[in-house]
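The values are calculated or read from the model by the stated rules, or taken from the named source; none is laboratory data. This one's a predicted model, so the numbers in the text were calculated from it and none came from an experiment. Note that each Cβ is placed from the backbone with ideal geometry, even for glycine, and that neighbours are counted across all protein chains shown.
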Amino acid sequence: MMALEANPSPSPTGSSTAGSESATASHWLAEITQYLDPTHFWGAVGLGVAFLLAGMILSWIIRRTIRIVIEHDPGERIDRMTISFLQHLGTFFMWIVLALIFSHIVPSLNKLTTSLLAGVSIVSVVVGFAAQSTLGNLVSGISLVIYKPFRRGDRLQLNTPTGLETGIVEELSLGYTVLRTFDNRRIVLSNGTIANQVMINLTSVEARVMISPTISIGYDSDIDKARALALELANAHPDVVEVVGCPVVNLGASSVDMSLRAWCADAATAAGAEHDLLEQVKKRFDEAGIEIPYAYQNVVISGAAGEEETPPSAPNHR
């Protein structure tokens, strides 16, 4: 007689364990969703905190990505000013998108947004007038990034309330452009202002800059000797790359004016080289007996100086 082998029945232990784990996970998920339920006040607050943390994490990711891109571009093939502006712009739009998503998820804010959109024509007019300057600066900043009249690190010369200023472009944000002067001051201009005024870019095409200090000598001085001394000093200066010449440019009322023209490596060294050359020319001309004229006046007094006037004699009455 053959014995039939009985199939063992499945053990209820494994299925009960899996079921308990699934129930635990469902319980925790229900607890978490309860704390983030947008239909309740505290759930909306918790959801807002979650969106805030998500925005901060995304902002950190954007900054970190930009930093990695800059580190892997030592040759500066990517414009630093453009990438900084795009970072600010991307962060700005990211927060707007997160705010719109949050207002759409929370029912109370969704109803409020719908009611506000009913009067969108009035709101748009009010917001348009209130943010006209801000939006104008934003659009001007975008145009500066697209057309690139200057880059970060360029030296600009422009008119400010304090007069003609020269500064290095340090930052281009969504609303303002910051320039740093040689004495470490910061010139802050709105993007709309700098986009609509005439500026001189001293470093956009070629880095080297020409200096042309004016040197005046008297009419009795030797022009050739003065020119030779000025050219000798310019050729010996360490910051001068190339000397062009020293022609006579003006015959003034009391002086002969010459222009010493020389190229310097960049605008940063040009100002110092010009000041040094003026001082050296003055000292060398004094040693050589070449007169540097200055304005003076001759006062001529007519009549005998110090002569006392004799009073008229009194009539003799008898």
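Are there strands (runs of 3 or more DSSP E) fully within segment 140-244 with at least 3 residues that are within 30 Å of ILE292 (Cα to Cα)? List them. Break it down stepwise before answering.
On the way: elements: 155-160, 163-172, 176-181, 186-190, 209-211, 214-217.
Answer list for segment 140-244: 163-172, 209-211, 214-217.
Residue by residue, here is whether (1) more than 30 Å from ASN184 (Cα to Cα); (2) at pLDDT below 85; (3) loosely packed, with under 15 Cβ neighbours inside 10 Å; (4) of a type in the set (Ser, Thr, Tyr) holds:
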residue	(1), (2), (3), (4)
ASP222	yes, no, yes, no
VAL256	yes, no, no, no
LEU260	no, no, no, no
VAL281	no, no, no, no
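Looking at VAL97, is it surrounded by fewer than 16 Cβ atoms within 10 Å (Cβ to Cβ), more than 23 Å from ARG155 (Cα to Cα) and modelled with pLDDT of 70 or more? For VAL97, the condition - surrounded by fewer than 16 Cβ atoms within 10 Å (Cβ to Cβ), more than 23 Å from ARG155 (Cα to Cα) and modelled with pLDDT of 70 or more - is met. What about LEU138, is it surrounded by 11 or more Cβ atoms within 10 Å (Cβ to Cβ) and at pLDDT 85 or above? Here the answer is no, as LEU138 does not meet what is asked.
One residue stands out in segment 184-239 among those that are within 17 Å of ASP266 (Cα to Cα) and small (Gly, Ala, Ser): the one that is farthest from the chain's Cα centre (by Cα), namely ALA234.
ALA236 falls short on exactly one of the conditions (1) in contact (Cβ under 8 Å) with a residue 12 or more places away in the chain; (2) loosely packed, with under 13 Cβ neighbours inside 10 Å; (3) under 19 Å from GLU287 (Cα atoms), and that condition is (1).
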